[in-house]
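Asker: Attaching a single structure in structure tokens format; questions to follow.
The values are calculated or read from the model by the stated rules, or taken from the named source; none is laboratory data. Fair warning: this is a prediction, and the values are worked out from it, not measured in the lab. When we count neighbours, we look across all protein chains shown, and the Cβ atoms used for this are built from the backbone with ideal geometry, even at glycine.
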Amino acid sequence: MPSSVAGKVGSFPPPFRNRNVKANGTTIHVRSGGKGPAVVMLHGFGDTGDTWAPVAAALVEDHTVVVPDLRGMGLSSHPESGYDKKTQAHDIAQVMDTLKIADAALVTHDIGNMVGYALAAQFPSRVTRWVIIDAPLPGIGLWDEIIRSPALWHFNFRGPDVERLVKGRERTYLDRFWNELSANPKAIDEATRRHYARLYGRPGAMHSAFNQFAAFTQDAADNKRLAEKGKLPMPIFAFGADHSFGMKMAEMMRLIASDVTGGVIMDSGHWVMEEQPQQTAAAIVKSIRNK
């Protein structure tokens, strides 16, 4: 992989092209490039698919890399419904169909983890391996304990006035996540903060983001039913940040998967791609290329 993964946020190399894909009643913005075995990378809240640019640049040498923005986020459209993660998994499956990708490795973070599980559990033959990073899955493991943490008050921050409170103050709202859930807030630089604040300030963006969290109760019920069908068969590489979930990621995944390798991203909080981009990219690339 390149010796450095620094650069302008969201800067994908020339082999990548941008397109809007009609999928499952919505429009998904997708960056794709390269040739070879496919890798699908799913982001979370507080960023977009742009977060994966350094890893995509490394993997595109020998993989077909697909980087969507999730439903209602980034440059994807903002439908009123469909924010449960089972529905969003169908979004991704249909993107894969459009791109003629039968199966792919998964790389996910944050809410991307939740969509990733719904994809892997509903379509296990389409996921060859999965790198999952630093966020819990609704309904799995210690979920009921996790959601009582004061640090996660945003899970239930919704209602008729939340959008009015945040409108025009998206940067202030997002700064709270970057500052409080990181080990080193200065690692999330001004250019990165401005970039994502602009995207989350687009019409409908925060409404959709709040709907991602509002769906967690349904997601928890869905995940419990999916887990009852049996453990995931594909190899899974579970990474947590040392200032966040750490090895709890691997412990959680062993409840729902039979082949789990754990690892820790050091000197980082939740925002591993921003705080420790080289270390995180190296761990992902090794996991994807390790046969």
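Asker: Under the condition of being out of contact with any strand residue (DSSP E or B) (no Cβ under 8 Å at 6 or more places or on another chain) and either surrounded by fewer than 16 Cβ atoms within 10 Å (Cβ to Cβ) or among the polar types (S, T, N, Q) (or both), which residue from the range 267-281 is modelled with the highest pLDDT?
Answerer: Checked the range 267-281; the qualifying residue modelled with the highest pLDDT is D267.
Asker: Still on this structure: Residue check: is W130 under 20 Å from the mean Cα position of the chain (by Cα) and within 26 Å of G204 (Cβ to Cβ)? Talk me through it step by step, then tell me what you get.
Answerer: On the way: under 20 Å from the mean Cα position of the chain (by Cα): yes; within 26 Å of G204 (Cβ to Cβ): no.
No; evaluated as a whole, the condition is false for this residue.
Asker: Still on this structure: Of the residues G246, G230, which is under 19 Å from I140 (Cβ atoms) and either at pLDDT below 95 or within 19 Å of the chain's Cα centre (by Cα) (or both)?
Answerer: Numbers: G230 fails: either at pLDDT below 95 or within 19 Å of the chain's Cα centre (by Cα) (or both).
After ruling out the rest, the residue left standing is G246.
Asker: Of all the residues that make up the range 132-158, how many are charged (D, E, K, R), in contact with a Phe, Trp or Tyr (Cβ under 7 Å, 6 or more places away or on another chain) and modelled with pLDDT of 85 or more? Walk me through it before giving the result.
Answerer: Just the residues of the range 132-158 that are charged (D, E, K, R), to begin with: 134, 144-145, 148, 158.
Pick out the ones that are also in contact with a Phe, Trp or Tyr (Cβ under 7 Å, 6 or more places away or on another chain) and you get 134, 158.
Now narrow it down to the ones that are modelled with pLDDT of 85 or more: 134.
Summing the residues that are charged (D, E, K, R), in contact with a Phe, Trp or Tyr (Cβ under 7 Å, 6 or more places away or on another chain) and modelled with pLDDT of 85 or more in the range 132-158 gives 1.
Asker: Check the range 245-252 and report whether any residue there is in contact with a Ser or Thr (Cβ under 9 Å, 6 or more places away or on another chain) and either surrounded by fewer than 20 Cβ atoms within 10 Å (Cβ to Cβ) or closer than 24 Å to S182 by Cα (or both). Give the steps one after another, and end with the answer.
Answerer: Of all residues in the range 245-252, those in contact with a Ser or Thr (Cβ under 9 Å, 6 or more places away or on another chain) come to 250.
Filter once more, so that each one left must be either surrounded by fewer than 20 Cβ atoms within 10 Å (Cβ to Cβ) or closer than 24 Å to S182 by Cα (or both): 250.
Yes, because at least one residue in the range 245-252 is in contact with a Ser or Thr (Cβ under 9 Å, 6 or more places away or on another chain) and either surrounded by fewer than 20 Cβ atoms within 10 Å (Cβ to Cβ) or closer than 24 Å to S182 by Cα (or both).
Asker: Could I ask something else about it? Would you check which residues across the range 156-209 are over 29 Å from H243 (Cα atoms), assigned to a helix (DSSP H, G or I) and within 20 Å of the chain's Cα centre (by Cα) and list them?
Answerer: Residue satisfying the conditions is H207 alone.
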